[in-house]
Amino acid sequence: MLRVSNIETFYGPSQALFGVDLTIVAGELVALMGRNGMGKTTTIRSVFGLTPPSAGSIEFEGKDITRAQGFRIAQMGLGLVPEGRRCFTNLSVRENLLATARAGHWDQTKVENLFPRLAERRDQSANTLSGGEQQMLAIGRALMTNPKLLVLDEATEGLAPVIRQEIWRAIRTLKAEGLSILLVDKTLKEVLPLASHCLILEKGQTVWAGEPDALTDDLKDRYLGV
Ligand code: ATP
């Protein structure tokens, strides 16, 4: 479904990615891992055309999207739940959801069934939501685009344990429904049982890829500081 091959990405003169490879097969949940500052968010930004790579290639369903514009990438079926949520704070919950709606399986009712709190807060302005509720809204907003591949960047970071559990329950539901998912999250206890494949970035390069069972304590210690 997605094939990222040896990409290099810069912020101005500063190189952040030095050769990232990443493959996602339809229906899989792939975990993108690595310590802080190793290039996970930049990899996602590269896929979505926010910081296009200057070398390497990105293909989605066989089509080259290496330097495609963000709205085209979204139209092709990639949905992003960005780090920091970035809800439209001056819009209501309902308006946030409708702003990105495209015809398909996911609609407002289905999103509200996944996150009943969003139904309770339907007419509230997004800036009055708690951090956890904003995270639910960011996931709901991405689902409203009816993506083929959902990308979640640190969707449980900084949230209260009970809210994290609600987000994990939703991610498990999405996976069980067969949605393809790329997940960046440091909570290995939750990520590893869900992942079909993992890959680790170190200093902007893919240094390890494999199945979760092959991720030894030595690798976790060396690359994840666990
Ligand atoms: P974290 O887990 O902390 O979010 P990450 O693995 O997602 O980290 P990135 O945010 O992709 O890492 O950062 C990769 C490298 O790119 C880091 O060295 C970072 O300082 C640098 N970087 C990130 N954003 C910018 C920017 N806007 N301008 C310049 N350098 C940046």
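The values are calculated or read from the model by the stated rules, or taken from the named source; none is laboratory data. Keep in mind that this is a model prediction, so the values were computed, not measured. All Cβ positions, glycine included, derive from the backbone under ideal geometry; neighbour counts span all protein chains shown. We work out accessible area using only protein heavy atoms, side chains counted, and drop any ligands, DNA or RNA first. Shrake-Rupley method; radii C 1.70, N 1.55, O 1.52, S 1.80 Å.
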(message) Here are the criteria: (1) within 14 Å of the ligand (Cβ to nearest atom); (2) crowded, with 20+ Cβ neighbours inside 10 Å; (3) not charged (D, E, K, R). Tell me which single one residue 50 does not satisfy.
(response) (2)
(message) If I filter the stretch 18-38 for residues that are within 14 Å of the ligand (Cβ to nearest atom), open to solvent by less than 40 Å² (accessible area, probe 1.4 Å) and part of a loop (DSSP other than H, G, I, E, B), do I get at least one hit?
(response) yes
(message) Going residue by residue through the stretch 55-72, is there one that turns out to be at pLDDT 95 or above, surrounded by fewer than 21 Cβ atoms within 10 Å (Cβ to Cβ) and over 13 Å from residue 2 (Cα atoms)?
(response) yes
(request) Evaluate the stretch 167-176: report whether one residue or more is modelled with pLDDT of 95 or more, in a strand (DSSP E or B) and either under 18 Å from residue 37 (Cα atoms) or among the hydroxyl-bearing types (Ser, Thr, Tyr) (or both). (result) no
(message) Quick test for you: out of 191, 184, 226, 151, pick the one residue that is of a type outside the set (D, E, K, R) and either modelled with pLDDT under 90 or surrounded by fewer than 20 Cβ atoms within 10 Å (Cβ to Cβ) (or both).
(response) 226
(message) Based on this model, can you work out whether residue 140 counts as in contact with a Leu (Cβ under 7 Å, 6 or more places away or on another chain), surrounded by fewer than 16 Cβ atoms within 10 Å (Cβ to Cβ) and not acidic (Asp, Glu)?
(response) no
